[in-house]
1. Which residues belonging to region A:172-189 lose at least 30 Å² of 1.4 Å-probe accessible area when the assembly is complete, relative to their chain isolated?
2. Under 1.5 on a/c is rounded, so check that first for chain A, then, if it is not, pick prolate when a/b is larger than b/c and oblate when it is not; a ≥ b ≥ c are the square roots of the alpha carbon gyration tensor eigenvalues.
3. Any residues in region A:122-168 that have 50 Å² or more less accessible area with all protein chains than in their chain alone, probe 1.4 Å, and which are they?
4. When a/c reaches 1.5 or more, the comparison of a/b and b/c decides; with that in mind, is the protein assembly as shown rounded, prolate or oblate per its Cα gyration tensor?
5. Within the accessible area of the protein assembly as shown, what % is carbon and sulfur when the probe is 1.4 Å and the other protein chains stay in place?
6. Leaving out ligands and nucleic acids, and using a 1.4 Å probe, what accessible area per residue does region A:15-125 come to in Å²?
7. Taking the Cβ of B:Ala183 as the centre, find all other residues whose Cβ is under 15 Å away and add up their charges (Lys, Arg: +1; Asp, Glu: -1).
8. Can you pull out the buried accessible area for chains B and A, both sides counted, probe 1.4 Å, rounded to the nearest 100 Å²?
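The values are calculated or read from the model by the stated rules, or taken from the named source; none is laboratory data. On a predicted model such as this, the values are computed, not experimentally measured, just so you know. Here the Cβ positions follow ideal geometry from the backbone for every residue, glycine too, while neighbour counts run over all protein chains shown. When the accessible area is computed, the model is the full protein with side chains, heavy atoms only, and any ligands, DNA or RNA have been set aside. Shrake-Rupley method; radii C 1.70, N 1.55, O 1.52, S 1.80 Å.
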Protein chains: 2
Amino acid sequence: MIDKKEMKRRGRPRAFDRDVALDQAQALFHAHGYDGVGVAALADAMGVNAPSLYSAFGSKAALFDEVLGRYSDRATLADGLSVPGVDRAEALTGMLRAAAILYATDPTAAGCMVLEGARGADADAAQCARARKATSVAAIANWLRPTHPEQADVVADYTAALMSGMSADARAGAPVERLTAVADMGGLAIAAMLGRN
Amino acid sequence: MIDKKEMKRRGRPRAFDRDVALDQAQALFHAHGYDGVGVAALADAMGVNAPSLYSAFGSKAALFDEVLGRYSDRATLADGLSVPGVDRAEALTGMLRAAAILYATDPTAAGCMVLEGARGADADAAQCARARKATSVAAIANWLRPTHPEQADVVADYTAALMSGMSADARAGAPVERLTAVADMGGLAIAAMLGRN
DNA sequence: GGATTTTTATAGTGATCGATAAAAAAGAAA
DNA sequence: TTTCTTTTTTATCGATCACTATAAAAATCC
């Protein structure tokens, strides 16, 4: 009984698909950033009137947070890290390479929405994005700690910083090759820091 | 006859110091970003009315560009690179360290104004900042090319990307030690890439 | 068929955005 | 003093910002 479609609630039924609307919102946020898109454009792209948007999502910042949540949950960047017994340095370098390709492939969704959102001018939205970024950085550090307790935090911070810079380059229109080259070079520091365990 | 104070121009004299006004504008832009500060706040901080601001600087974007120009010209980050015959890897790592300290020292001017401006939502302002960023990256690449023609471009891109990520962390309130640790680790990749020449 | 509940659409809220029109004010040039 | 030039001030401009009051529409419950 979790499905809201099954349990017919009273009152007028919603005329739009919440997930589809979130997809449209995600596309707009990713293309133009939180500060670069207004609620009017969002509502228009979502095929919804402003009052319905606010009734369904609460506020622009809340909508952004929900979009970020889906974006994080669906991200496959860190999948390579979950392989048991994988070499830490190799896996992290692979993630950097995957990020480079992901960031630069789709020009309408360049860069990382979380890392870019963390730099916005809006305080609320930036705080949401920074919290999610911190969670991801902590996850990487925890993933490193068993094998490299001493270097875990620095390597995690470093990886996030490099990805943030790569995201900025991708949004500026840098070609994939430049980003992958940077990612590979970034892997050198990770290998040097972690050794070949 | 370059000094405008000496050659008394006709008409009512300007009631404010252009350089002082630019300093105030720089402080506001650096503290809140281009998108985070409006012309009303700028004019107020500069001690000037809006029409005077537009008469003296043209537009908000033009004012930002002029501020960025002063900011770049006064930057001392790349000073260590101009020492003749300095070790390339050592000098670049030193620049990363200097950036880490510079970015995190003053909480009211965290991060790099150029790198942050390159990510703004305003297209004009972002283009200005990206052009200046590209100039700096090209300067680093040209500085590397004589000794490391093959690695010059990648190392320059990498250095800028890491600095961009460090700038974001600084704006999020990361302490200096975390930034310097990331900078030092970033130097490992530079050393590995350039060797010990 | 009513009563209730929820979402819809219309229209508009005050605030702020970047930028300006118009005229008074302050100086130099004649 | 008169004329001319430039900057000052005051009072906006229309557009957009995030957001909402109000009421009609569409469903279920009784």
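1. The answer is A:Ala172, A:Arg178, A:Val182, A:Met185, A:Leu188, A:Ala189.
2. Details: a/c = 2.52, a/b = 1.84, b/c = 1.37.
Prolate, because a/c is 1.5 or more and a/b exceeds b/c.
3. Residues passing the criterion (a loss of at least 50 Å², heavy atoms only) are A:Arg130, A:Asp157, A:Tyr158, A:Ala161.
4. Numbers: a/c = 2.27, a/b = 1.08, b/c = 2.10.
Here the protein assembly as shown falls in the oblate category.
5. Details: 10640 of 19630 Å².
Answer for the protein assembly as shown: carbon and sulfur cover 54 percent of the accessible area.
6. Value returned for region A:15-125: 45 Å² of accessible area per residue.
7. Working: positive: B:Arg97, B:Arg178; negative: A:Asp153, A:Asp157, B:Glu90, B:Asp169, B:Glu177, B:Asp184.
Overall, the nearby charge balance is -4.
8. Details: alone 11040 and 11090 Å², together 19630 Å².
Chains B and A together bury approximately 2500 Å².
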